[in-house]
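Remarks on the structure that follows.
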Amino acid sequence: QVQLVESGGGLVQSGGSLRLSCVASGSIFSIYAMGWYRQAPGKQREWVAAITRGFSTNYVDSVKGRFTISRDNAKNTVYLQMSSLKPEDTAVYYCNTWNSRPFPWGQGTQVNVSS
């Protein structure tokens, strides 16, 4: 069973940057489109960004131009480079498949952006 482990979160000031990583166990990672999701306190989990097997990318409007998703299939890893962070980006960030049956969710990585 695939396990997802997210890392790279932390506390950053508004306007700062962070790079999140998500490592997937198993050898089937490369066949899936992958996405990043986030859940802010008191809110439902929302989709943030996605990258297909062919490396096409898509973003929710609120992060376009600020976040960049990428993947390294050799390392079974998907990344989320976050720049120009805003307090409203504060959330727990998760990775998982996109547009297909999800793997078990990992523990996520907390991102806190102070104003």
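Among the residues of region 82-97, write down those that are under 17 Å from Trp47 (Cβ atoms) and open to solvent by 60 Å² or more (accessible area, probe 1.4 Å).
Hit for region 82-97 is Glu88, nothing else.
State whether one or more residues within region 41-61 are on the phi > 0 side of the Ramachandran plot, in contact with a Lys or Arg (Cβ under 8 Å, 6 or more places away or on another chain) and modelled with pLDDT of 95 or more.
Checked region 41-61: at least one residue is on the phi > 0 side of the Ramachandran plot, in contact with a Lys or Arg (Cβ under 8 Å, 6 or more places away or on another chain) and modelled with pLDDT of 95 or more.
Are any residues in region 26-36 touching a residue at least 24 places away in the same chain (Cβ under 8 Å), open to solvent by 30 Å² or more (accessible area, probe 1.4 Å) and touching a Lys or Arg at 6+ places or on another chain (Cβ under 9 Å), and if so, which ones?
Ser30, Tyr32
Report, ordered by the first and then the second residue, all pairs with beta carbons closer than 7 Å, sequence separation of six or more or different chains, a first member in region 5-23 that is without any contact (Cβ under 8 Å) to a residue 60 or more places away in the chain, and a second member that is open to solvent by 50 Å² or more (accessible area, probe 1.4 Å) and assigned to a strand (DSSP E or B).
Final answer for the pair search is Ser21/Ser7; Val23/Val5.
Name the residues in region 37-68 that are closer than 13 Å to Leu85 by Cβ, among the basic types (Lys, Arg) and either assigned to a loop (DSSP other than H, G, I, E, B) or open to solvent by 70 Å² or more (accessible area, probe 1.4 Å) (or both), would you?
Result: Arg66, single match.
Within region 64-90, take every residue that is more than 17 Å from Ala50 (Cβ to Cβ) and of a type in the set (A, V, I, L, M) and give me the one that is nearest to the chain's Cα centre (by Cα).
Ranking the qualifying residues of region 64-90, first place goes to Leu85.
Can you give me the number of residues within region 11-25 that are within 12 Å of Leu85 (Cα to Cα) and surrounded by fewer than 19 Cβ atoms within 10 Å (Cβ to Cβ)?
8
The values are calculated or read from the model by the stated rules, or taken from the named source; none is laboratory data. Just so it is clear, the model here is predicted, and its values are computed rather than measured. Methodologically, a virtual Cβ is constructed for each residue, glycine included, from the backbone with ideal geometry; neighbour enumeration extends over all protein chains shown. We work out accessible area using only protein heavy atoms, side chains counted, and drop any ligands, DNA or RNA first. Shrake-Rupley method; radii C 1.70, N 1.55, O 1.52, S 1.80 Å.
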